[in-house]
Each structure stands twice: as C-alpha cells, then as structure tokens.
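Here is the structure we will look at, set down as structure tokens.
Only the coordinates and a few stated rules stand behind these numbers; no lab work does. These numbers were taken from a predicted model, which means no experiment stands behind them. Here the Cβ positions follow ideal geometry from the backbone for every residue, glycine too, while neighbour counts run over all protein chains shown.
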Amino acid sequence: MSIPTEPIGSIPRPPHAHEAPQRAVQETIRRLEETGSPVLVDGEQAKPDSFTYPVGGLPGLAPDGVVIPFADGHTRQLPRLTSGPFRYKVRAESYLREAKQHTSRPVKQTVVAPSALSLLYPSDGISGYSRETFLSDLADEAEAEIRGCLEAGAAGVQLDCSLMRLALKLDPSKSVLRDFVAIDNEVLGRFSASDRSRIGVHTCPGADQGSTHSLDVDYTELLPDLFKLKAGTFYLQMASEPDRERALSAARDHSTHDQRIFVGVTDPLDPRIESAEEVRDRVLTAARYIPVERLGTCDDAGFATWADDTSTSRDVAFAKIEARVLGTRMAADELGL
C-alpha cells in the first residue's frame, strides 16, 4: 500500500482479557491481520489504561490525583505521587515482546507521553523530592522505555499525547501546553534522527465512554505547538473534527517536510461504521493539503483507552479498521500511487 495506514492503539477487550491477557493479545493480533492492516498493535489488552500502566501497584502513590473531566459529565482520576524516587514498574517493551510472538507483521508499540505522567507530581510538592528531580527521573524512565521498545524491534513507538488539547482547555495561556512540549522534547531530544523517524506522537480530544474531554478547544490553537515536538510522525484526530479542512490547513502550515502526518479517517466514538468510500473521500481531501509522500491514515483514537470502557464493541472496532484499510487503498488507487 503506497499510503501507510496504522491503528492508534487500544481495542475493546474481550470478556476474558483480565483472566487470560495473552489469549486476548493473540486474538486481537489475529483479527487485526484479518482486516489487512499492514502494521499491528497489541490492542493494549494487558494494560489497565493508556496512562498509568507503568506505575500500577507502585508504593508512594495515592488515588486522589488530577481529575480528567469529560463532556458527558463522567471523570477519570490519575494517581498522585507521594514520595520519590520515581520509577516505572512496567515498561511497554514487555507488551511488545508478547505481541511479536503472535505475528510476523510489523508491530507498533504505544507508550504514555512523559508529559502526561508529569501530572502525577502534586502541585504542593513533595518534601525532600523536588519537581525538578522528579522530572529528571521521569525523563530517564521514559527514555529507557522508548529505547527498550526500539531495541526490541518495534516498527514504531507512539507517544500518547492526548492530554495536550486538554491542557490548552485548562490553561488557555498555553503555559501548561508548552511545559508539556518541553517535557516531551527533553526525552525525544535524546534520540538520534534515525531513531526519531520511528517515533511518533498521537493527539486527540480524548475518547472514553463515548465522550471527549476537549473537542471544544480550537484545534488550530494546539497544532503549532504540537509540531514543535521532535518526532518523525504525527497521528492526528481528524474524522471527528468539526472543521477538518481548517485543521488540515493548519497541519500543512505548521509541519515540516520531514514530518509524516497520519490523519484520522474513522471516529471510534461514532457508533456508525464508516464505509470504505467515505474513508477514501476523507483521504482524498487530506491529500489536497498534505503531500502524499508524507500522508498516512489512522483511526482518530484508540477504541478503549481505559480497560473498562465498553462503549464500542470489538466487532464495530474491527469493522471500522477494515474500512480504514480498504478506503485508504482505494484512495491510493485513485491517486495513481
């Protein structure tokens, strides 16, 4: 396929996922292969969620951390760090190695962005453990996780930066957003240009239980800062964007020639399954703004960022993925690629 297409990450879990995560990974890999997807993910079948998987079960955490509010009124809450030093308990390399046992196709690994984990540090500080020391420890841990995935043979490593649009909502001055970019760039800047070509970032307005946390934030206010991240690939939510062409125009204007842009062409929060023809048309629209040699397609977001999210069925998720793969191929044919 001359226009690459990739899933974002999470897939709704089967009922037995918690009891038999290896079986859930194997089933997910097999069903992704059946969609024709050229690049696979493990569907985050063994993760408790996309954000806190590295620290689950660690001492020095309290449950009353930052609250993430969603448009429909429900919330998610992150833990709060109570002591240092900060260390990961689980690294995503372990998920990657498990997935690679079940396929010969390329496997991409998703990881939490260090900027998201920076929210674990409390606003009133920790006695004897400064924020600066915490951020240094966090950068070391995030670098080790990404490097481990690359060395384990990941086709790519994708940082989940979905809280960046929310940061802009909570602080329109962009101070928090720019802190996030600086935190992530501290880590990304430690990698070679060759490594960064295999590292991407994903942004969206959240996707949980059929709702978002920041779709009401002007996308064009985020994209100029987002494209300052030292990554080779950007996975952008677009299918659910109210004014896609305005957002595509901003992506064109603020990205650089060496940054590949994957545009979202299916909406995980829409229960309707997009047709391949609809996907094709969305790709053709994107190709008017993004040069085809830098263009790819993806889903807007994962389908179940938190393990208990059952708002989308597995069958619907795989049907949407299949439509994305076929529609992207149809667009490439129409473009003569």
Pairwise Lys count, the chain - Cα closer than 28 Å, eight or more residues apart or different chains: 19
Computed FRET value (nearest 0.05) for Arg252 with Leu170, which takes r as the C-beta separation and R₀ as 25 Å: 0.35
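What's the FRET efficiency of Asp218 with Arg23 using the Cβ-Cβ distance as r and R₀ = 30 Å, to the nearest 0.05? Write down the numbers at each step before the final one.
Values: r = 43 Å, r/R0 = 1.44.
Plugging the Cβ-Cβ distance into 1/(1 + (r/R0)^6) gives 0.10.
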Estimated FRET transfer efficiency (Ser2, Ser130; beta-carbon r; R0 56 Å; 0.05): 0.65
Cα radius of gyration and Dmax for the chain (Å): 18.7, 62
For the stretch 135-214 versus the stretch 265-321, the gap between their alpha-carbon centres in whole angstrom: 21
Gain upon complete extension [Asp64, Glu277; 0.36 nm per residue less C-alpha separation]: 72.1 nm
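Looking at the chain only, what percent of DSSP beta bridges run antiparallel? Nearest 5 please. Could the numbers behind the result be given before it?
On the way: 8 of 33 bridges.
Percentage antiparallel, nearest 5: 25.
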For the stretch 5-334, size of Cβ-based charge dipole, Lys and Arg +1, Asp and Glu -1, in debye: 620
Estimated vicinal HN-Hα couplings, Hz - the stretch 31-41 in sequence order (Karplus 6.51, -1.76, 1.60; Gly, Pro = x): 6, 5, 4, 5, 6, x, 4, x, 10, 10, 9
Only Lys, Arg (+1) and Asp, Glu (-1) charged, at Cβ; the stretch 204-337 dipole about Cα centre in debye: 480
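What's the ranking of 24-35, 317-328, 61-72 by average number of surrounding C-beta atoms within 10 Å, highest first?
Working: 24-35: 19.9, 317-328: 22.9, 61-72: 14.2.
Ranking, from highest mean packing down: 317-328, 24-35, 61-72.
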